[in-house]
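Written out below as structure tokens is the structure these notes cover.
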Amino acid sequence: VDLQVCTSRNPTCCTKKIEERYQTAAKQDIQQVLQTSSATLKFLISRNAAAFQETFEMLIRLAENYTSTLFCSAYRNTAAEATVRVQEFFTDVGLFVFGADVSTEEFVNRFFDTLFPVVYNHVINPGLTDISLEYAECLRMARRDIRPFGNIPKKAIGQMGRSLLSSRTFLQALNLGIEVINTTDHLHFSKDCSRALLRMQYCPHCQGLMLSKPCMGYCLNIIRGCLANIAEIDRHWRGYIQSLEELSSAMSGAHDIEHVLLNFHSLVNDALVQAHVHGPELSEQVEKICGPPVRKPTQSPGCSFDQNKVNQGLKMFSRNSEETLTNRRKEFISHLRLYRAFYGGLADQLCSNELAAVDGLPCWNGEDVVKSYTHRVVGSGVKAQSANQEVKVKGTDPVISRIIDKLKHVIQV
């Protein structure tokens, strides 16, 4: 008599305690089914997020090695000081790509600012001793007015800004994809939904009907009711995949991070050549602003850079770059595209693959085993649930609203 959900006119072997256990099992079952259905999608995104991050890290290390090698081989006496500047620059590149709040324009400018005193000291106006710290600081401050490297810093800002931003956004979007799936995998179900799940899956057991499965229409009403909020993600999820696709194709060619990073050293070389060629004029300009060079009696050490390590890295990378970033992205997007309708069709997929009886067989309608379900079957999404006889849905879930806002934001970015 004290049953809450599995009440029936027929005799029942369930007690309130058994009903409570079944209630827990019904909730666990639906979470399990949800997690199983999204497992391959989640694996696809997380595996690729990790692979792209690793490739970006390798590219950054390689580009840093290229640039340091340039100083070691062509401007040996600048190498000790310049490689420190190169390291700082590529640390900033990494911070930016992996989501830190730094500005590409700022760190590209900072690199050329700090490089100018080194180039002035060893290439434009070399002496037997180094320039003083105060003089170096004056040169650093004056770099943007003197423009010793012509328009190359501006060119570098354009290239870096565009390619690094798209790679950073790509990684952020993949991580958001994982967050969306984690959110929907661990959804909190309402009391009404939990009871409906219990009635659908375990109440027949109370009447000894261990093998009967729910009717398709009955299952759809309950699962569409329980997943009404998840279905609201559908439109934004499709938009998210389309935006990723557009971003991916825009990342090719001249804006490809691979192309920009691995050619950075040649931009730096052009900058140094330009400074060298215009050396005499630059010296005049510097003297007007900073006065004649003030030197201090120290000597820069030579190059302590391990060329073998670089060559090894290159071999490793060129072996891998047969499957270039662009191809890898294309392949990932083509797999991801298959999941465009994932959230829109989730309830139907769960009922037809896992939960409901095959059409034409006797099935459970919530009260009895019948030939077919006779109530109206509602559509997906929150609005459609007002006509749902099996589950009452009250408004939108704030957790789902937040994840939809994040999807909207990343699509805009």
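The values are calculated or read from the model by the stated rules, or taken from the named source; none is laboratory data. Computed from a prediction, not measured in an experiment: that's the story for all the values here. All Cβ positions, glycine included, derive from the backbone under ideal geometry; neighbour counts span all protein chains shown. Ligands, DNA and RNA are excluded from the accessible area calculation, which covers all protein heavy atoms including side chains. Shrake-Rupley method; radii C 1.70, N 1.55, O 1.52, S 1.80 Å.
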Of the residues A384, A347, A357, A341, which is modelled with pLDDT under 85, in contact with a Lys or Arg (Cβ under 8 Å, 6 or more places away or on another chain) and not charged (D, E, K, R)?
A357
Here's a check for you: in region 201-226, which residue that is of a type in the set (A, V, I, L, M) and part of a helix (DSSP H, G or I) is most open to solvent (accessible area, probe 1.4 Å)?
M216
Contact list please: Cβ distance under 7 Å, first residue in region 332-350 and assigned to a loop (DSSP other than H, G, I, E, B), second residue among the aromatic types (F, W, Y), pairs at least six apart or on different chains.
F342/W237; Y343/W237
Applying the selection to region 373-388, what residues are open to solvent by 70 Å² or more (accessible area, probe 1.4 Å) and within 13 Å of L220 (Cβ to Cβ)?
H375, R376
Of all residues in region 243-257, which are of a type outside the set (G, A, S), in contact (Cβ under 8 Å) with a residue 24 or more places away in the chain and assigned to a helix (DSSP H, G or I)?
L244, E245, L247, H255, I257
Inspect region 23-46 for any residue being assigned to a loop (DSSP other than H, G, I, E, B), open to solvent by 20 Å² or more (accessible area, probe 1.4 Å) and hydroxyl-bearing (S, T, Y) and give the result as yes or no.
no
Between a first residue in region 97-117 that is charged (D, E, K, R) and a second residue that is in a helix (DSSP H, G or I), which pairs have beta carbons less than 6 Å apart while being 6 or more apart in sequence or on different chains?
E105/I157; D113/R140; D113/R143
Going by what's in this entry, would R168 be described as open to solvent by 50 Å² or more (accessible area, probe 1.4 Å) and more than 22 Å from P398 (Cβ to Cβ)?
no
Under 6 Å by Cβ, and 6 or more places apart or on different chains, what pairs join a residue from region 149-170 that is under 26 Å from F52 (Cα atoms) with one that is among the aliphatic types (A, V, I, L, M) and open to solvent by 60 Å² or more (accessible area, probe 1.4 Å)?
T169/V413
If C6 meets every condition in (1) in contact (Cβ under 8 Å) with a residue 60 or more places away in the chain; (2) part of a loop (DSSP other than H, G, I, E, B); (3) open to solvent by 20 Å² or more (accessible area, probe 1.4 Å); (4) of a type outside the set (V, I, T) apart from one, which number is that one?
(3)
With (1) assigned to a helix (DSSP H, G or I); (2) under 18 Å from P214 (Cβ atoms) as the list, and V358 as the residue in question, which single condition is left unmet?
(1)
In region 90-126, how many are open to solvent by less than 10 Å² (accessible area, probe 1.4 Å) and touching a Ser or Thr at 6+ places or on another chain (Cβ under 7 Å)?
3
The condition from (1) touching a Lys or Arg at 6+ places or on another chain (Cβ under 7 Å); (2) at pLDDT 90 or above; (3) surrounded by 21 or more Cβ atoms within 10 Å (Cβ to Cβ); (4) not polar (S, T, N, Q) that P153 misses is numbered (1)
Pick from H259, H265: which is at pLDDT 85 or above and open to solvent by 70 Å² or more (accessible area, probe 1.4 Å)?
H259
Helices (runs of 4 or more DSSP H) wholly in region 76-150 with at least 1 residues that are modelled with pLDDT under 90 - which ones?
79-97, 133-146
What are the pairs, 6+ residues apart or on separate chains, where a residue within region 38-64 that is over 27 Å from G344 (Cα atoms) has its Cβ under 7 Å from a residue that is open to solvent by 60 Å² or more (accessible area, probe 1.4 Å) and in a helix (DSSP H, G or I)?
E64/Q87
Please name all residue pairs, on different chains or six or more residues apart, with Cβ atoms under 6 Å, provided the first residue is in region 171-200 and is open to solvent by 10 Å² or more (accessible area, probe 1.4 Å) and the second residue is at pLDDT below 95 and not in a helix (DSSP H, G or I).
D192/V391; D192/K392; R195/V5; R199/V5; R199/G366
